[in-house]
Each structure stands twice: as C-alpha cells, then as structure tokens.
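The values are calculated or read from the model by the stated rules, or taken from the named source; none is laboratory data. Worth saying up front: this structure is predicted, and the values here are computed from it rather than measured. Note that we place each Cβ from the backbone using ideal geometry, even for glycine, and neighbour counts take in every protein chain shown.
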Amino acid sequence: MLEIGQTIGVYQIESMLGMGGMATVYRAYHPALDRYVALKMMHPLFQQDEGFLSRFTREARIVAKLEHPNIVPIYDFNENNGQPYLVMKYIDGKTLKQVMDNSPPNLQRILQIMRQVANALDYAHQRGVLHRDVKPSNVLLSHDDQIYLTDFGLARLVQAGDSSMSAGMIVGTPNYISPEQAFGEAEVGAESDLYSLAVMLYEMVVGQLPFVANSAMATIHKHIYEVPPLPSSINNELPSLLDEVLLKGLEKAPADRYQRASDLAQAFEHAIEVSGLRALSPDRSQIKRNNRQTVSTVNAPSVPPAQPFSLVDAVEKPKRQPSPDQRLIFLLDDEQKWAHLPMEEILRRRLKNQRDQMFGLLGHALPYAMVNSIVMIGSIVEHEFSLYMLVTPLAWGAGLAAHATATYFSTGHMTKRIYSYFETQMQERYGQDWLYNSQEKVLQDHWKVAQEFFDQMMGFWIHAMVFLLINLMLWNIWLATSLSEGFHVMWPLFPGLGWGMGLLAHGFHTFYSKQPSGDRKQLDAEVAFMSGFGSSGQLEKPKHVSPPPASHGGVRLSADGELTDSMVTEFSDDFQHIKHESEGMIQS
C-alpha cells in the first residue's frame, strides 16, 4: 500500500479513494500540469505473473485509445518497482454504488444513467473493447452531472494471466456477472457486458439485485442456473412492460439478450413511456437493505408459472412461486447442460430428443420389416420356405424389442407416468406444496430414487422381451430339426428353465425388494438435514446461519456482494473446484 505523500513517478499520492480485489485507487497530484488524477495501483500479487507487465502495457494502450465523453480517459500508465499502475482523469463525484447505498436514483436519473452508460458501452464494443466488469462501483457520477464508465479492460488483464493467481480465475463481480463469464470462458462477447448492465438496471429500478446469496459461489450458481424474480412481483408499482425488458436483458443465452446496450436503454425508455410510469418510490431501497439481513432458505427461481405441467395442476400457486417446469428441469440428468437456456428452448430440445428417439426406432423397424418380408416372400414363391428361416427374424426381433422398450420408457406416456409417480411420492412426504417448499437438492435426490425404479422396470421388460424371443428362436430350431431328422430331447427346456429362473429373480428384485420405499427413511433423513425440513415435512427457518468461513482470515464478499481483497488470493482454487464439479455434472 502506498503512503500519503509518497511520489510515484511524477505523481504525488494525496489520499486513498478505494480498494478492491484487483487494484487500489489513490487521488494523486501532477505538479507540472497542476491537476489531480486518479492513480490505480494494481494488486502486488500480480507480480507473480511474469507476462503481466507486458500484457498490461498492451491492454492499456488499447483502452487509452477510447475517447468518449462517458468513458474515463487514461492519461498515463507505468510501473513502480515492477508493480503496474494506470493514471486516469480524476472525477470529482461519487460512484453509482455510493449513491444507491444512500438512496436509489429517481426515474429520470436512471434514464440519464442508462443512456450515457449505454453510449459508452456501444462505442467501446464497436472498437472491439469489452468491459467485463460493469457494475455500479465502476459508474462515476460527477458533480457537474456527467456520467462516466471506468475500468475498461481491467478484468481482461487478470483473466489472461499465467500466474497461480490468475490461472483459471473467474473475473467480474459475482452480483453482476454473466452466466458465460461465470463459467470462466476466456472469450466472451459484448452480450456479457449487456447482461451486467441489465443487472445494474434491475437493481436501480426494483430496489434489489436479481440474485442474492451469502457467498460468491452461491451467487454465481444463481446467475448460471436460476431464473430472476419477476420485477413486478417484488415492486408492484412496476408495469409488466418493464418485466419483459429486464428479463430479456437477463436471459441466460447471450443470443436471447439485447444485442446493443442502446437497444436495452431504448427498450427501457419505451416501456416507461408507454406504461405511463412517472416516478419510482424512494422507499424501494429498503427492500435491498432488508434482503441483506435475511437468509433465504429456499433456493428456487421466483417467476410465476405460465402454463405448467399437469404434474402440479392441483397445487395452489402463491405469489412469486417458481415455474414447475423451471424447477423440474434440474431433475433431468440428461438435460442439466440445458439449464442456462430459456424454458421454451429447453422444452423444444426435450421434445426434439424424444422425436429423435422415436425416429431412431422407426429407422430400426422399417429395415427389419422390409428385409424379412422380402426373404419370406421370396422363399414362399420359390417353395423353399423352412422353419430355419424364422431364426433371423426372431434373433433380430429380440434386439428390436429391446430398442422399442427403451424408447417407450423414455418418451410419451411412460415419461408422464414417471412424473406422476414422483409427484405422488413427494406429496405423501411433504404435502401439496412440496414443489415450492423443496430445495433443488431435495427434488434431485427424490427424483433419482423414482428414476432408478423406472430404470429397473425398463431393464426387466427388456430382459423379458429378449427372453421370450430368444426362447422362441431356440424352440423353432428344435422343431425344425425334429421335423427333418426326427424328434429329439427337448433341449431348449434347459436354457429356458435356467434363464427363466434368472428372469423371475430379476422381476422380484425390481418390483418387490428394490422399490423406492426401501431407501426412503435414510434418504429422507439426509435431505431433511441438508434442507431444513422438520418432522412435520414443512420447511423450517433456521435459528442461526453463519456465513462461510474465509480460508485466509478475510471475507469472501463485502456487504454489497463485491469481491474483497482477501477474495483475490483464495478465489482461484475455489472456482477451479466448483468448475470441475459443474463440468462433470454437465458431461454426465
């Protein structure tokens, strides 16, 4: 940390303006030019990266070429004892974060902020420069009513590093990070900045962030997988047109968002004009403060359901409850990789998968029917038919029957039976409101039990079909041989009886000894411990929830959900761990 009065190059340090996870900002004075500047000294840990200084120089030159009235200009960059720093215009004013902490901006001020920040982002994006860390603390409001966006490209400097600190490190601020950036993707598009801008707009308008959690990882998980609460369900003064604008800006898939920052700003302005909204309540900031003091015990999206599955038609849907489709999508192991997509796209892909399976079965059945029909008709016409000719259709038919059974269990009516069975089991344990009272972990664990039962059923019926057709083939061979050479010992009885006993054991194992009830007690105890369910089956509020301990003596997030200094030194290892878990989940 620099000392007050210390000279760095030609700049005299006068005071510290702020400290973050990547740099510390000082107010400094340039005597020769008689002007004050903001000097941003990068974190000393970046010196571990041998290539950081050269990359810093390259990126600083790129950002320094940005000349826009709403972008804080860079005057200079250099290094002090190997520690690089940027010199920028000093803005006499406050950050948007500081303003929002005191009182939320009024509607006209929000419109002004959105126009100017959007203009700055579009200008930079047109020149191939991404911000990667759009948030209120990077928006400066000067005393002369000018709005500036600062810290362009700073996150990029960290992400591209080779040191133990920056390797695999996620960049950005958890409360404002886009899903693709949260996954640590090195190459993200302008849509990532637009997502962060939409989060910032959501916070200004609604009075709270769309996703709030007590740790960085929990917040990041919400950005990747959960649907934001409907704005008008939190702040009922907001019109439905604003819901559409904000939710479009927060789409998980980049292609589904606005493609330019000005598009988002104009859509917001249009929604305000058409709806006739003239002002926002200044008390909406109280929502944000209250949420900081409240620990959410239900980890679920909060968008009211549109047209749910019949699975929950009978469930009463209180205000701001999650869509059943959006909750149940997490149950489908083979569709976890789609969880970041809009619900319509997930349903479309699910139906396409089922259709592809049915076409696959059709592609198997047609050649079977054509080939065997041609052979049979030809043999009859040539008067060469014999029972031996049934061996191939029966053997091939066993494979086709197994294919048809597997397709039946994974599409159409049987899929609905699995959902119905799962619903019945959950209602028996947790009552009619099981869908809304349960955390994702509870749903997932119980779903796996139900899915395993139906998978075992499918395995049994495939076994039975193959048993039937193969034994028919064996008896056909015996009959054909006996007719031509005289009757022999009924040898198909031996494999049939042995195999039949195995099939009976398989059936008993499937329908009696391995029904889900066998593991229910242990499973219920485990999920109740993890989710806070009491003996009544209803979700209970924990008496005390402690924040996760920091492994380096600091905290993971500040009170405003931003990364602290200690977070920089420990975040890389934590993210690598959760990223590997997420990738394993998606690949499975």
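Condition (residue is closer than 12 Å to residue 38 by Cα, in a loop (DSSP other than H, G, I, E, B) and touching a Leu at 6+ places or on another chain (Cβ under 7 Å)) applied to region 63-71: is it met by at least one residue? Spell out the reasoning first.
Looking only at region 63-71, we keep the residues that are closer than 12 Å to residue 38 by Cα, and these are none.
No.
Any residue at all in region 122-133 that is under 28 Å from residue 199 (Cβ atoms), touching a residue at least 60 places away in the same chain (Cβ under 8 Å) and surrounded by fewer than 17 Cβ atoms within 10 Å (Cβ to Cβ)? Break it down into steps so the answer makes sense when it comes.
We begin by selecting, within region 122-133, every residue under 28 Å from residue 199 (Cβ atoms); these are 122-133.
Of the ones still in play, those that are also touching a residue at least 60 places away in the same chain (Cβ under 8 Å) are 122, 125, 127, 129-133.
From what's left, surrounded by fewer than 17 Cβ atoms within 10 Å (Cβ to Cβ): 127.
So far as region 122-133 goes, yes, one or more of its residues are under 28 Å from residue 199 (Cβ atoms), touching a residue at least 60 places away in the same chain (Cβ under 8 Å) and surrounded by fewer than 17 Cβ atoms within 10 Å (Cβ to Cβ).
Could you run through region 52-71 and say how many residues are closer than 22 Å to residue 96 by Cα, aliphatic (A, V, I, L, M) and surrounded by fewer than 21 Cβ atoms within 10 Å (Cβ to Cβ)?
Number of matching residues: 1.
Taking region 236-261 on its own, how many of its residues are small (Gly, Ala, Ser) and buried (at least 18 other Cβ atoms within 10 Å of the Cβ)? Outline the logic, then answer.
To start, the set of residues in region 236-261 that are small (Gly, Ala, Ser) comprises 240, 249, 253, 255, 261.
From what is left, the residues that are buried (at least 18 other Cβ atoms within 10 Å of the Cβ) are 249, 261.
Summing the residues that are small (Gly, Ala, Ser) and buried (at least 18 other Cβ atoms within 10 Å of the Cβ) in region 236-261 gives 2.
Pairs, please: C-beta under 6 Å, at least 6 apart or cross-chain, first residue at pLDDT 85 or above and in region 370-381, second assigned to a helix (DSSP H, G or I) and surrounded by 13 or more Cβ atoms within 10 Å (Cβ to Cβ)?
372/393
From 235, 175, which residue is under 25 Å from residue 102 (Cβ atoms) and over 20 Å from the mean Cα position of the chain (by Cα)?
Values: 175 fails: over 20 Å from the mean Cα position of the chain (by Cα).
Criteria check complete, one pass: 235.
Can you pull out the residues in region 77-98 that are among the polar types (S, T, N, Q) and surrounded by fewer than 19 Cβ atoms within 10 Å (Cβ to Cβ)?
Taking region 77-98 as the starting set, the residues that turn out to be among the polar types (S, T, N, Q) are 78, 80-81, 83, 95, 98.
Matches in region 77-98: 78, 80, 81, 83, 98.
Residue by residue through region 3-44, note down the ones that are among the aliphatic types (A, V, I, L, M) and crowded, with 18+ Cβ neighbours inside 10 Å. Let's see the steps before the verdict.
In the first step, residues of region 3-44 are kept if they are among the aliphatic types (A, V, I, L, M); the result is 4, 8, 10, 13, 16-17, 19, 22-23, 25, 28, 32-33, 37-39, 41-42.
Passing the criteria: 8, 13, 22, 23, 25, 28, 37, 38, 39, 41, 42.
Could you please give the count of residues in region 99-114 that are touching a helix residue (DSSP H, G or I) at 6+ places or on another chain (Cβ under 8 Å) and surrounded by fewer than 18 Cβ atoms within 10 Å (Cβ to Cβ)?
Matching residues across region 99-114 total 4.
Let's see how each residue does on (1) part of a strand (DSSP E or B); (2) farther than 15 Å from residue 75 by Cα:
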residue: 2; (1), (2): no, yes
residue: 13; (1), (2): yes, yes
residue: 25; (1), (2): yes, no
residue: 28; (1), (2): yes, no
residue: 32; (1), (2): no, no
residue: 38; (1), (2): yes, no
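Since residue 227 meets every condition but one in (1) assigned to a helix (DSSP H, G or I); (2) buried (at least 19 other Cβ atoms within 10 Å of the Cβ), which condition does it not meet?
Against the list (1) assigned to a helix (DSSP H, G or I); (2) buried (at least 19 other Cβ atoms within 10 Å of the Cβ), residue 227 comes up short only on (1).
Tell me, which residue of region 25-52 that is under 44 Å from the mean Cα position of the chain (by Cα) and charged (D, E, K, R) is nearest to residue 87 (Cα to Cα)?
The first filter runs over region 25-52 and keeps only residues under 44 Å from the mean Cα position of the chain (by Cα), leaving 25-28, 36-52.
Imposing the further condition that a residue be charged (D, E, K, R) reduces the set to 27, 40, 49-50.
On the way: 27: 10, 40: 6, 49: 21, 50: 22 Å.
Filtering region 25-52 for residues that are under 44 Å from the mean Cα position of the chain (by Cα) and charged (D, E, K, R), the one nearest to residue 87 (Cα to Cα) comes out as 40.
Taking region 353-369 on its own, how many of its residues are surrounded by 14 or more Cβ atoms within 10 Å (Cβ to Cβ), at pLDDT 85 or above and not hydrophobic (A, V, I, L, M, F, W, C)?
Total meeting the criteria: 2.
Only helices (runs of 4 or more DSSP H) wholly contained in region 96-175 count here; list those with 3 or more residues that are small (Gly, Ala, Ser) and modelled with pLDDT of 80 or more. Reasoning before the result, please.
Working: elements: 96-102, 107-126, 154-159.
In region 96-175, 107-126 are the helices (runs of 4 or more DSSP H) which contain 3 or more residues that are small (Gly, Ala, Ser) and modelled with pLDDT of 80 or more.
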